[in-house]
Amino acid sequence: MIDQNTFYKKIGKRIKIARNEAGLTLEDLNDLSDLDLSKGSFSAIENGKQKIYVYQLYRISKALNTPIDTFIGNSEEKIDISEEDIKKINSQ
């Protein structure tokens with residue numbers, strides 16, 4: 001199982017890749033996702049330095065027209081999260 005920091009870094013990296021492939025800036029994606037995040041916050045999410053909420057990830061996936069599971073895992077590496085891990089993540 002991967003640690004929490006690695007988990008958020010992988011999600012952020014995948015968001016950044018999808019955003020770049022779509023030819024969007026941070027500001028463009030913020031506008032399209034209607035999240036009203038600062039450029040710094042969006043950048044921190046992409047760099048895994050800020051946690052992302054499920055709803056934020058949902059809005060980003062819709063804005064990028066990309067399935068949400070694209071950001072959480074891939075066929076090469078599954079991320080298994082137990083109920084206990086979810087509780088730990090949510091309590092922080």
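Quick note: the coordinates plus some simple rules give every number you see, no bench work behind them. Keep in mind that this is a model prediction, so the values were computed, not measured. Every residue, glycine as well, gets a Cβ built from its backbone with ideal geometry; the counts of neighbours run over all protein chains shown.
The set of residues in region 12-60 being aromatic (Phe, Trp, Tyr) and assigned to a helix (DSSP H, G or I) consists of PHE42, TYR55, TYR58. Which one is nearest to ASN90 (Cα to Cα) among residues in region 9-34 that are touching a Phe, Trp or Tyr at 6+ places or on another chain (Cβ under 8 Å) and of a type in the set (A, V, I, L, M, F, W, C)? Out of the qualifying residues, it is ILE11. Given the options ASP69, ASP28, ASP3, ASP36, name the one that is loosely packed, with under 14 Cβ neighbours inside 10 Å and on the phi > 0 side of the Ramachandran plot. From the options ASP69, ASP28, ASP3, ASP36, the qualifying one is ASP36.
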